[in-house]
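Peer 1: What follows is a structure written as structure tokens; I'll ask about it next.
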Amino acid sequence: MTRFIKPMLASLALSSLLALPAHAELDVAKLKSTIASSLESDYPKLDALYKDIHAHPELAFQEEKTAARLASEMRAIGFEVTEHVGKTGLVAIYKSGEGPTIMVRTELDALPMEEKTGLPYASHDKALWRGRETFVDHSCGHDIHMASWVGTAKTLLALKDQWHGTLMFIAQPAEEEVQGAKAMLADGLFTRFPKPDAGFALHDGPFTYGYVSYRVGIGSSNQDGLFIKFHGRGGHGAAPQTTIDPVMMAARFVVDVQSVISREKDPTEFGVVSIGAIHAGTAGNIIPDEATVVGTIRTYKPQVRAKMLAGIERTAKAVAAMADAPAPEIHLEAGAKAIMNDPAVVGSAEKVLKVAFGDKFNATPPGTASEDYSEFIDAGVPSMFFNIGIYDPERVAAARNGGPPLPGNHSPLFAPVPKPTIETGVTAMTLAVLSAFDQRAQGQ
Ligand SMILES: [Zn+2]
Ligand SMILES: [Zn+2]
């Protein structure tokens, strides 16, 4: 615990030089340099935390050690921490006077895949996932988010005279399964703890570090899972006339379903269907009796989503009917909903972040990935979800000029540059939270 006290005192001394009443305009330039000084002393510990979490990732709802590590970090800086909210989630609260409650969320989980970055702190850990052993890798960068989350908490305490109210820092399990936010809400996140007046989350992505991107309105896609099992009649590969071939049905479906996108959906609206897995058969001379296709469906708008789900279902049934097969089993499961960024929360953060980051702060089109942060928004927390870059500018420029492509999230080569990425995360998140306190103090 004592290892945190020294930098904290240094930061507190600095912040007391620029004490402002909460209703004054935020002095962004001054705040930014205070955050930079605070980070200078905090960064070595954040770096160690990041590399430790990176080397020892844990899968969805198995994040016991990761959560325990974050709980002890947050207790050490003075937060009141409740563990096991939504299985492995954490809620860390810090109250400083009367005022709004502002939430900051990080995810805890990693992905079932092998890291191939060759970094000195690369993960070699394995875990059980759906009954089989797999490598585990923080290839979505949730470890960057955790280090930024702890760093933001420390920085906000160092800037305590800049805000009044309650900080609610939550660490969410199982984002990759889009189950963790729901689990925390079902476990009383907004009844056992205060319901936030505003909320923030960030996600890293394959663009230049030091850059922050954001958007008003739709910030991510609706996600639906697709599971279809085609039933045929098994038999000898040399006598297909005695069988009903489910491999043929699966193959036809994979191709034909794309016409729902190209021919049925309005081409100016976003919609994607991708088949990520096909499971059928064993040997080349056996026609199996069933084939399963598993995929994902992404959309922004509810009406586009409804149209696509109907088209996908119709295509699966038609493919089976063509083969004179029984009706297929069709499960289209609703996953994460699209994130809607709140215009007022984004509006006040925008003013502050524009001053702090200049032309490195940009509005961008919505991402096509999905996020279960949308559950907190649906539960009534006006929010801003933004993105931070992770790669060297030279590497990004080279990729743009035909050089090696930049590994994106979920790539085995995904490798953020820790220091500038985490520092940007802490700076942007701290300023965003201060803007929300300031917005509420002004009664905007
Ligand atoms: Zn991910
Ligand atoms: Zn992610």
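Peer 1: Does any residue of the range 426-433 turn out to be farther than 24 Å from Thr152 by Cα and either more than 16 Å from ligand 2 (Cβ to nearest atom) or not acidic (Asp, Glu) (or both)?
Peer 2: no
Every residue, every condition in (1) touching a Lys or Arg at 6+ places or on another chain (Cβ under 9 Å); (2) under 21 Å from Phe376 (Cα atoms); (3) at pLDDT below 95, yes or no:
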{"site": "Asp109", "(1), (2), (3)": "no, yes, no"}
{"site": "Glu115", "(1), (2), (3)": "no, no, no"}
{"site": "Gly118", "(1), (2), (3)": "no, no, no"}
{"site": "Ala122", "(1), (2), (3)": "yes, no, no"}
{"site": "Arg132", "(1), (2), (3)": "no, no, yes"}
{"site": "Cys140", "(1), (2), (3)": "no, yes, no"}
{"site": "Phe169", "(1), (2), (3)": "yes, yes, no"}
{"site": "Ala174", "(1), (2), (3)": "yes, yes, no"}
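Peer 1: If you check every pair at least six apart or on different chains, which have Cβ atoms under 9 Å apart with a residue in the range 312-332 that is assigned to a strand (DSSP E or B) first and a residue that is open to solvent by less than 20 Å² (accessible area, probe 1.4 Å) and among the charged types (D, E, K, R) second?
Peer 2: Taking only residues 6 or more apart or on different chains, the pairs are Leu332/Asp224.
Peer 1: For the range 179-189, does any single residue satisfy the condition of being in contact with a Phe, Trp or Tyr (Cβ under 7 Å, 6 or more places away or on another chain), within 16 Å of ligand 1 (Cβ to nearest atom), hydrophobic (A, V, I, L, M, F, W, C) and not in a strand (DSSP E or B)?
Peer 2: Checking the range 179-189: at least one residue is in contact with a Phe, Trp or Tyr (Cβ under 7 Å, 6 or more places away or on another chain), within 16 Å of ligand 1 (Cβ to nearest atom), hydrophobic (A, V, I, L, M, F, W, C) and not in a strand (DSSP E or B).
Residue-wise test of (1) within 16 Å of ligand 1 (Cβ to nearest atom); (2) over 30 Å from Ala334 (Cβ atoms); (3) surrounded by fewer than 19 Cβ atoms within 10 Å (Cβ to Cβ); (4) among the aromatic types (Phe, Trp, Tyr).
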{"residue": "Ser370", "(1), (2), (3), (4)": "yes, no, no, no"}
{"residue": "Asp378", "(1), (2), (3), (4)": "no, no, yes, no"}
{"residue": "Ser383", "(1), (2), (3), (4)": "no, no, no, no"}
{"residue": "Asp392", "(1), (2), (3), (4)": "no, yes, yes, no"}
{"residue": "Pro412", "(1), (2), (3), (4)": "yes, no, yes, no"}
{"residue": "Pro416", "(1), (2), (3), (4)": "yes, yes, no, no"}
{"residue": "Leu434", "(1), (2), (3), (4)": "no, yes, no, no"}
{"residue": "Asp438", "(1), (2), (3), (4)": "no, yes, no, no"}
{"residue": "Gln442", "(1), (2), (3), (4)": "no, yes, yes, no"}
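Peer 1: Name the single residue, out of those in the range 350-398 being among the aliphatic types (A, V, I, L, M) and part of a loop (DSSP other than H, G, I, E, B), that is nearest to ligand 2 (Cβ to nearest atom). Step through it out loud before you land on a result.
Peer 2: Keep residues of the range 350-398 that are among the aliphatic types (A, V, I, L, M), which gives 352-353, 355-356, 363, 369, 377, 379, 381, 384, 388, 390, 396-398.
Now narrow it down to the ones that are part of a loop (DSSP other than H, G, I, E, B): 369, 379, 381.
Details: Ala369: 8, Ala379: 20, Val381: 19 Å.
Among those that are among the aliphatic types (A, V, I, L, M) and part of a loop (DSSP other than H, G, I, E, B), it is Ala369.
Peer 1: Working carefully through the options Asp359, Asp342, find the one that is open to solvent by less than 70 Å² (accessible area, probe 1.4 Å), closer than 30 Å to Phe437 by Cα and not aromatic (Phe, Trp, Tyr). If you could, list the steps in order and put the result at the bottom.
Peer 2: Details: Asp359 fails: open to solvent by less than 70 Å² (accessible area, probe 1.4 Å).
Going through Asp359, Asp342 in turn, the sole match is Asp342.
Peer 1: Starting from the range 127-141, take each residue that is within 22 Å of Tyr50 (Cα to Cα) and list its partners that are within 16 Å of ligand 2 (Cβ to nearest atom) and among the small types (Gly, Ala, Ser), counting only C-beta distances under 7 angstrom and pairs at least six apart or across chains.
Peer 2: Final answer for the pair search is Val136/Ala110; Val136/Ser123; Asp137/Ala110; Asp137/Ser123; His138/Ala110; His138/Ser123; Ser139/Ser411.
Peer 1: Collect the residues in the range 70-112 that are under 13 Å from Met146 (Cα atoms), touching a Leu at 6+ places or on another chain (Cβ under 7 Å) and within 16 Å of ligand 1 (Cβ to nearest atom), keeping them in residue-number order.
Peer 2: Asp109, Ala110
The values are calculated or read from the model by the stated rules, or taken from the named source; none is laboratory data. Keep in mind that this is a model prediction, so the values were computed, not measured. We place every Cβ from the backbone using ideal geometry, glycine too, and count neighbours over all the protein chains shown. Heavy atoms of the whole protein, side chains included, go into the accessibility calculation; ligands, DNA and RNA do not. Shrake-Rupley method; radii C 1.70, N 1.55, O 1.52, S 1.80 Å.
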